[in-house]
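Below is one structure; the comments refer to it alone.
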Amino acid sequence: MKSLPFIALLSIVFFFPSSVRAEAEFDLQALPVVLKEKSSVTDEYIRLGDLFSGLDDKTDKKVAAPAPALGKEAVLTAEWLKKLAKTHKIAWEAANDKNSVTVRREAAEINKDEVVRILMKELKAQGMPDNAELTFQKDEFPILVPVKSVWRLEPAHSEYNPARRQFEARLGLFVNDEKKQELSFAGKVRVFIQVPVAARDLKAGQIITADDILTKRVAQEASGRASDQTKAEDLIGKEVKRPLRSGQTIQTNDVRAQVMVAKGKIVTLNFAKGGIILSAQGKALENGGLGDTVRVMNSQSKTVVQGTVTGPETVSIHTTGKKP
């Protein structure tokens, strides 16, 4: 008994006249045409099916208009849609003048890091330092390509100006093996260096240890620290000349060799004569660290001589053969 409706339907299809069957098929397939409020496309054209639902397959695929630029939107007004529906004989009427469709062209984005990687490789080949970064003159990003496309960037030109710390470059953009455009870039090159900074407040006279130093990455401008490349390891064992705040950059003139000879203190004077080392006592007239040249007064002769600090409270005299 349940198969009777199906048999009845078959009798309609096979025994009714062809014109009646066509009307029946039209009635079964006919759906109300509805305007979409928003739509997105991935290729170069907007198709009718992107704007209306309820169309047959053939009409659905027809081109309505060029798509907006990659990543952009276009608003299609009621007036424009009315003309479109009339042209393609679509059974749709605008409810009011506010009817519209917003169509967005989807796009894929080329990662900025990939662009920078290619430019850095080209500019380093022209002498740009490894510890450099690029600052772009204009905001060239994002760079967009069609969704699911195969793209690549090829260097076309690059130029590095070390005196001005500037660069210029062009990259060819190929999409699906076709060159679409040549991208131009320009900007500044910033060189970065690692500088030592105080890990904590340091007092004058304090001897620097490894725990007293941190390093910080800073930009080295053209008129900056080019002549003072202080290294952290060169500071260890040195004496702080003036108080330093935590986080303050430590430069060469902020420290000195550890004082081994103190002004006003008694020191041992050593001098060589005939292969024999002779010693005497003297009074230091100034502070000095290891390797420094200081003035010392001989306690016995009251003669002022110059010598090199060779150890704690020890000065080796520059002599021409006479005892100081």
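Values quoted throughout were computed directly from the atomic coordinates according to the rules given, and no laboratory measurement underlies them. None of these values were measured; they are calculated from a predicted model. Virtual Cβ from ideal backbone geometry, glycine too; neighbours counted across all protein chains shown.
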Review point. Size of the chain along its principal axes in angstrom, Cα-based, largest extent first?
Key: 141, 51, 40
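Would you mind working out the magnitude of the charge dipole of the stretch 123-259 relative to its Cα centre, with +1 at each Lys and Arg C-beta and -1 at each Asp and Glu C-beta, to the nearest 20 Debye? Each step should come with its number before you reach the end.
Details: 22 positive and 19 negative charges, 69 e Å.
The dipole of the stretch 123-259 has a size of about 340 debye.
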Check your understanding: Using bins 10 angstrom wide from zero, how does P(r) for the stretch 88-188 break down, in % of all Cα pairs?
Key -> 13, 37, 21, 12, 9, 6, 3
Review point. If each of GLN258 and ILE276 carries a label point 7 Å out from its Cα toward its Cβ, how far apart are those two points in nm?
Key: 3.4
Exercise for review: Report the residue, chosen from GLN194, GLN300, GLN137, that carries the largest GNM mean-square fluctuation when the chain is represented by alpha-carbon nodes joined by springs under 10 Å.
Suggested key: GLN300
Exercise for review: Quick one: what are the phi-derived ³J(HN,Hα) couplings along the stretch 245-261, Karplus 6.51/-1.76/1.60 with θ = phi - 60°, whole Hz, x for glycine and proline?
Suggested key: 7, 4, x, 6, 5, 9, 9, 4, 7, 8, 10, 8, 4, 4, 5, 9, 10
Practice item. Summarise the long-distance tail of P(r) for the stretch 41-125 by giving the % of C-alpha pairs beyond 23 Å. Key: 39
Review point. Put +1 on the Cβ of each Lys and Arg and -1 on the Cβ of each Asp and Glu in the chain; which of GLY71, VAL304, HIS88 then has its Cα farthest toward the positive end of the dipole?
Key: VAL304
Review point. For the stretch 245-324, what number results from the quotient of the Cα radius of gyration and 2.2 N^0.38 Å?
Key: 1.27
Point to revise | Two-site label geometry, ASN111 and SER316: point separation in nm, points 7 Å out along Cα→Cβ | key: 5.9
Check your understanding: From the phi of every residue in the stretch 144-161, what ³J(HN,Hα) in whole Hz does the Karplus formula 6.51 cos²θ - 1.76 cosθ + 1.60 yield, where θ is phi - 60° and glycine or proline is x?
Key -> 10, 9, x, 4, 6, 8, 9, 10, 7, 10, 10, x, 10, 6, 8, 8, 10, 10
Exercise for review: Take the alpha carbon atoms of the stretch 195-256, find their radius of gyration, then divide it by 2.2 N^0.38 Å using N residues; give the quotient.
Suggested key: 1.05
Review point. Which one of SER279, SER184, SER40 has the biggest mean-square fluctuation once the chain is modelled by GNM with Cα springs under 10 Å?
Key: SER279
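Would you mind counting up the charge near THR59? Only other residues with Cβ under 15 Å from its Cβ, with Lys and Arg at +1 and Asp and Glu at -1.
Working: positive: LYS36, ARG47, LYS58, LYS61, LYS62, LYS86, LYS89; negative: ASP50, ASP56, ASP57, ASP60.
That works out to +3.
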Review point. So, with +1 on the Cβ of K and R and -1 on the Cβ of D and E, and no other charges, what is the size of the charge dipole of the chain about its Cα centre, to the nearest 20 debye?
Key: 1880
Check your understanding: Over the stretch 92-148, what number does the Rg to Rh ratio reach, with both radii from the alpha-carbon atoms and Rh per Kirkwood?
Key -> 1.36
Review point. If each of ARG217 and GLU44 carries a label point 7 Å out from its Cα toward its Cβ, how far apart are those two points in nm?
Key: 4.3
Review point. When the chain is modelled as a GNM with alpha-carbon springs shorter than 10 Å, which of GLN220, GLN258, GLN281 fluctuates the most?
Key: GLN281
Review point. Short version: ³J(HN,Hα) in whole Hz for each residue of the stretch 203-217, in order, from phi by Karplus 6.51 cos²θ - 1.76 cosθ + 1.60 (θ = phi - 60°), x for Gly and Pro, what are they?
Key: 8, 4, x, 6, 8, 6, 10, 4, 6, 8, 10, 10, 10, 10, 8
